[in-house]
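Let me begin by presenting the structure, written as structure tokens, before commenting on it.
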Amino acid sequence: MKLKDEVLDELAASGANVAQFVSYGPDGKQRFLRLRQQINWRDASVKDVVTAIHQTQSDPNVNIRTFRPEKPDGNPFLPGPKFGFHDPATVAAKVKELLAEGFHLIINENIDPSDGGFSGVLYGDLFEFASRDIPRCVEKAGCARLPRAMALDLIQAVYGFNFEVPFTADFRVECSVHPGRVGYLGVRQIVWEAERKDQISLPGWITPNWPNRFSKDMGDKAFGLLVAHLLGFPVPATHVFGRVIPYFAFGFGTRRWDGREVWMRTCPHEQVPGKFATLKGWRSPARLLAKEDPSGEHLASIILQEGIRAEYSGAAITDGVGELVIEGKAGCGDSFMVGMSRPEQLPKRVQDAVRYLWTNLHNSLGDVRFEWVYDGHEAWVVQLHVGRSVSTGNIIYPGFPKKSRTFDAADVASLETLRALIPELQSCGDGVILKNAGLTSHFGDLLRGGKVPSRLE
């Protein structure tokens with residue numbers, strides 16, 4: 001059976017980037033090494049090795065892994081930040097102690113899993129991953145799940161490099177992606193483990209899923225728009241300023257718009273209809289985050305979106321029986337979504353453009369909900385979510401309330417009023433008759449999210 005350090009060295013020999021490391025046997029002799037910094041190994045000490053690793057990375061720590069040939073797992077692991085391994089002398093003293101106990105050792109660079117990248121497993125056509133975690137995140141709930149090709153496109157879009165996989169699809173590859181250079185090759189990806197499997201038993205088609213742990217760190221709106229962009233749908237040029245995920249941009253220039261109008265949109269971790277600001281015109285992303293979410297608990301990012309010459313705007317959902325419902329109005333749709341204007345009769349050309357968009361989104365993602373803008377030529381996606389709505393006809397959320405209260409969305413303050421009222425409605429079993437709003441508006445979103453029996457008048 002091959003020892004852990006030998007497996008690591010073979011991974012590197014196959015062309016994979018591994019975390020910089022050096023290994024020693026219990027006799028204190030060096031076994032394997034993969035370091036970016038070249039030094040005179042004939043005379044190198046543990047202090048020299050640790051110093052060489054420190055000089056190539058921003059994290060001033062190394063980790064020590066221990067193992068025995070007869071017991072490869074379940075041995076002490078000493079993370080650098082906890083044990084003060086930013087000091088080469090401290091590392092050397094601990095190495096001497098562990099070798100005396102008969103351990104084999106691996107000293108490797110410490111790579112922070114919370115650096116804005118992600119870790120996961122690539123296997124067959126499936127890439128599962130999560131931010132702020134190690135590859136074993138796939139053993140927990142909430143990982144992102146994308147087809148291999150889309151995941152590789154996502155890495156290019158968000159992190160700006162081509163992810164290289166020096167293994168065929170029948171390998172299960174534990175890996176990580178990083179915004180900065182890591183490993184002995186000094187690139188932005190690491191392979192931690194690769195194992196060939198005799199048989200791949202995975203679904204033939206992987207449908208993107210969100211919300212997930214990665215989309216929550218990016219922001220629900222940003223992730224949905226990125227998925228639409230990766231699938232080739234018209235998404236206006238979008239810049240994402242995140243708390244966790246580093247800045248990136250994607251989308252297409254709205255070439256038929258001759259102005260320089262932009263929209264600033266707040267991105268909660270998960271969809272929170274209408275609660276946080278959407279503003280026309282430039283604002284400082286940092287100041288907007290601080291103003292809208294001073295605690296840092298609710299917003300993952302701010303997006304700046306290029307304006308579209310809005311002939312018509314609105315929203316579309318897949319209703320409870322799988323049919324498309326389109327609502328909107330002439331001009332910008334922000335007032336429609338928050339109940340300041342009612343849905344209007346849309347021209348056939350607008351309905352056809354939105355239906356065409358929905359059909360293609362549905363073919364790729366299944367049931368979807370989205371906000372759209374029609375520029376006179378085509379419908380653009382400006383927000384996208386997956387899932388079928390429970391609404392059908394004029395029923396927003398089905399049920400048999402004790403009594404129904406009339407709620408008029410013409411009140412400009414009513415969206416927050418309704419949000420505050422929902423817990424009371426849930427506790428007493430009352431329902432809502434909604435006036436002067438659309439099925440696809442944020443009022444409908446709130447009532448569906450709160451499972452409040454409700455209908456349109």
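The values are calculated or read from the model by the stated rules, or taken from the named source; none is laboratory data. Since this is a predicted model, take the numbers as computed values, not measurements. Heads up, the Cβs are rebuilt from the backbone with ideal geometry, glycines too, and the neighbour counts pull from every protein chain shown.
Taking segment 263-282 as the region of interest, how many residues are β-branched (Val, Ile, Thr) and either touching a strand residue (DSSP E or B) at 6+ places or on another chain (Cβ under 8 Å) or outside the structural domain of residue 235 (by TED's automatic domain parsing) (or both)?
Residues of segment 263-282 β-branched (Val, Ile, Thr): 266, 272, 278.
Right, trim to either touching a strand residue (DSSP E or B) at 6+ places or on another chain (Cβ under 8 Å) or outside the structural domain of residue 235 (by TED's automatic domain parsing) (or both) and you get 266, 278.
The total comes to 2.
Condition first: within 18 Å of residue 110 (Cα to Cα) and without any contact (Cβ under 8 Å) to a residue 12 or more places away in the chain. Now tell me which residues in segment 66-82 satisfy that.
Residue satisfying the conditions is 82 alone.
Just for segment 91-121: of the residues that are surrounded by 15 or more Cβ atoms within 10 Å (Cβ to Cβ) and in a helix (DSSP H, G or I), which one is farthest from the chain's Cα centre (by Cα)? Give the derivation first.
Here is the first cut: in segment 91-121, the residues surrounded by 15 or more Cβ atoms within 10 Å (Cβ to Cβ) are 91-92, 94-95, 98-99, 103-113, 115-121.
If we keep only those that are in a helix (DSSP H, G or I) too, we end up with 91-92, 94-95, 98-99.
Numbers: 91: 36, 92: 39, 94: 39, 95: 39, 98: 40, 99: 42 Å.
The residue in question is 99.
Of the residues in segment 390-418, how many are among the polar types (S, T, N, Q) and buried (at least 20 other Cβ atoms within 10 Å of the Cβ)?
Of all residues in segment 390-418, those among the polar types (S, T, N, Q) come to 391-392, 394, 404, 406, 414, 417.
Filter once more, keeping what is buried (at least 20 other Cβ atoms within 10 Å of the Cβ): 391, 414.
Residues meeting the conditions: 2.
Criterion first (at pLDDT below 95 and in a helix (DSSP H, G or I)) does residue 276 satisfy it? Let's see the steps before the verdict.
Details: at pLDDT below 95: yes; in a helix (DSSP H, G or I): no.
No: the conditions fail for residue 276.
Starting from residues that are at pLDDT 95 or above and among the hydrophobic types (A, V, I, L, M, F, W, C), keep the ones in segment 238-252 and report whichever is nearest to residue 284 (Cα to Cα).
241
If you scan segment 13-34, which residues turn out to be among the hydroxyl-bearing types (Ser, Thr, Tyr) and surrounded by fewer than 16 Cβ atoms within 10 Å (Cβ to Cβ)?
The first filter runs over segment 13-34 and keeps only residues among the hydroxyl-bearing types (Ser, Thr, Tyr), leaving 14, 23-24.
Across segment 13-34, the qualifying residue is only 14.
Can you find even one residue in segment 300-309 that is over 30 Å from residue 216 (Cβ atoms) and modelled with pLDDT under 95?
Within segment 300-309, the first condition is being over 30 Å from residue 216 (Cβ atoms), and the residues that meet it are 309.
Those left that are additionally modelled with pLDDT under 95: 309.
Yes, segment 300-309 contains a residue that is over 30 Å from residue 216 (Cβ atoms) and modelled with pLDDT under 95.
For residue 316, are the conditions met, namely being farther than 19 Å from residue 230 by Cβ, under 27 Å from the mean Cα position of the chain (by Cα) and buried (at least 20 other Cβ atoms within 10 Å of the Cβ)?
yes
Looking only at residues in segment 412-456 that are in a helix (DSSP H, G or I) and among the aliphatic types (A, V, I, L, M), which one is modelled with the lowest pLDDT?
First pass over segment 412-456, keeping only residues in a helix (DSSP H, G or I): 414-428, 442-449.
Of the ones still in play, those that are also among the aliphatic types (A, V, I, L, M) are 415, 418, 420-422, 425, 446-447.
Values: 415: 79, 418: 84, 420: 87, 421: 87, 422: 87, 425: 88, 446: 86, 447: 87.
Applying the filter and picking the extreme gives 415.
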